[in-house]
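Read the structure below first, then the notes.
We did not get these values from a lab; they are worked out from the coordinates using the rules stated. Computed from a predicted structure; not experimentally measured. Cβ coordinates were reconstructed from backbone atoms using ideal geometry, including for glycine residues, and neighbour counts include every protein chain displayed.
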Amino acid sequence: MIQLLQTGILNESLIQIEWGNYTQSVAAIHRHLENSNSEMTGWLNSPIENNVELVNSIQQNAYKIKMLADVLVVIGIGGSFLGAKAIQDALTPYFGDCANGIEVVYVGQNMSGAYIRQLLNSLEHKEVYVNIISKSGTTMEPALAFRVLRQYMEKRYGEEAQNRIIVTTDAEKGLLKAIAEKSGYQQFLIPANIGGRYSVLTPVGLLPIAVAGVDIEKLLAGAKQAAIVLKNENLDQNEAYRYAVIRQELYKKGYQIELLASFEPGLTKLHEWWKQLFGESEGKEKKGLFPATVSYSTDLHAIGQFIQDGSPIIFETLLHFKEILCDYHVPFDSENDDQLNYLANYSFNEINAISKQGTAMAHADGGVPIIQLELERLDAYHLGYLIYFFMKACAMSAYLLQVNPFDQPGVEAYKKKMLQLLQE
Ligand code: PA5
C-alpha cells in the first residue's frame, strides 16, 4: 500500500495546503469519474471485475509462447508499449534471463532503420513470436514495424506464421482488427472504454509481461487492492487524491516541472510510463505541469546541480520501495586502501536508502518541495498498486486542472505534418 509520507510534503513551510478547500471539488470529480459509464473510464473498475477467464487465456498463451519461442517481439508505441516495458524492467533481472520467462523485445516506438535492421539480425538463430499492439490499428510507427515483421515471419515460417502472430487491438473496429480477421491471427481485445495510457492492466500489458516471467495475478491483485482502497471520495483517506491536490497546489504556486525520482535503475521505464500518463493527460489548453524524470544516483551527477540550485520551477516526487529483494553487502577489506571500511557494515540497498534520505534533505534545504511516495516492497503486487494509484491520481489531477484526462488532441498535429511531408 502507498504511504504518502509526512502529509506528502517534506518541507511543509514551502507550501501550506488548505485541504478543506478541495473537499467538495474532489468529491464531485470522484462521483463524476465513478458514474461516467460513457467516458473512457473502463480501467477504474476492471481490476475489481471478475477477469479469471481473460487471465487464464493470457497465461495459456504466455505458456505456449515460452515453450515455442526464444523471443517475443512486441510492436507498439505510447500506451501500447510503455506499461509492459516498465513492469518488465522493474521486475526482471538486470542481467541474463528471468527464470520464469523468455526474452521480450520491443519495436515500433521509433523510425530508426538501424534499430529495425539490427532487431531482425538478432532474431536469426532464435524461435520467434510476434505481438502487435495498437488500439487504433493505424498508428504509423507500429504499423510500419508490423509490415516488416509480418513479412519476416511469413518468409521464415510459411503458413505457421499465422499461429505465431498475436494481435492486441480494439474490441470493435480498426484496420488491424480487419487484418487479424483476414489472416486468422489470434486476437486479444482492448475494451473500447480504456485508452492507451490507462491500458497496462489489460492484455496490452499483461501478455508481454507474462511472457517476460512476471506474475500477472499478483500484479492484478495489487491493482485490485488499490481500486478498492482508492474508491474513497474522502480526501483525508485517499492518498491518490491527496497527491493530485498537492500537485495542483504546487502548480498554482508557479511550479512548472514535476520531477519523478527514484533510486533503482530498473524503474527508469516506469518513469517513462508515468511521464506519458501525466503528460498526455494534462498537457493541453496551454496548461499542465511538465512531467520530467530522474534516476539516482546517475542523475545526481548530471542534473542534481540544477535541482539543488537552479531556477526554482521544480518540485520533486521521490518514489521509494522500502525493500528490494536482491541485495549485496559491502565487503570488508583488510588493507582499506580506499578507506571505505566504515561502510562494510552496510548493504548497497541500505546505502541507497540513506542516499535517498540525504538527497531529499539537501533538495528540501535548497527550497525544492518534496513529495514522498513510499511502498513496502518492489514486487508485482506493489507495482500493480502503484500503477493504479498513479492512474487514479492522474484522472483526478487533470479534472482539477479542468482538462480532459482521456484525450490527446495535440498528438495529431505532428502526425498530420509528417503525413503531408511524406505524401509530397
Ligand atoms: O495514450 C494513448 O492513447 C496513446 O499514447 C496511444 O497509446 C498511442 O498513441 C498508441 O496508439 P495505438 O495503440 O492506437 O497505436
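Counting only C-alpha contacts under 8 Å and six or more residues apart, can you give the relative contact order of the stretch 42-214 as a whole percent?
After rounding, I find 35 percent.
The trypsin sites (Lys or Arg not before Pro) found in the stretch 266-334 that occupy coil by DSSP, while having at most 12 further C-beta atoms within 10 Å, are 286, 287. Under the shape rule built on the C-alpha gyration tensor, where the axes satisfy a ≥ b ≥ c, the chain is oblate, since a/c reaches at least 1.5 while a/b does not exceed b/c.
Packing, taken as the mean count of other beta carbons within 10 Å per residue, orders the peptides 151-162, 377-388, 66-77, 95-106 from highest to lowest as 377-388, 66-77, 95-106, 151-162. Here residue 100 and residue 189 are evaluated by their C-beta separation; at R0 = 22 Å the FRET efficiency comes out at 0.30.
Based on the alpha-carbon gyration tensor of the stretch 42-214 and its eigenvalue square roots a ≥ b ≥ c, which shape applies: rounded if a/c is under 1.5, prolate if not and a/b is larger than b/c, or oblate? In terms of gyration-tensor shape, rounded. Pop the C-beta distance of residue 60 and residue 178 into the FRET formula with R0 = 22 Å and round what comes out to the nearest 0.05. Once rounded, the FRET efficiency stands at 0.30.
Taking other C-beta atoms within 10 Å as the exposure proxy, 176, 373, 189 rank 189, 373, 176 from fewest upward. Converting phi to 3J(HN,Hα) with the Karplus coefficients 6.51, -1.76 and 1.60 and the offset θ = phi - 60°, the stretch 399-408 yields 5, 4, 7, 6, 10, 7, x, 10, 10, 8 Hz in sequence order, with x at every glycine or proline. Exposure proxy shown here: for 320, 363, 329, the number of other Cβ atoms within 10 Å sets the order, fewest to most, as 329, 320, 363.
How long is the gain from residue 32 to residue 330 if the chain were fully straight, where each residue apart is worth 0.36 nm and the alpha carbon distance is subtracted?
Gain on extension, residue 32 to residue 330, equals 102.0 nm.
Considering Cα pairs under 8 angstrom that are at least six residues apart, work out the relative contact order of the chain and quote it in whole percent.
Contact order relative to length: 24 percent.
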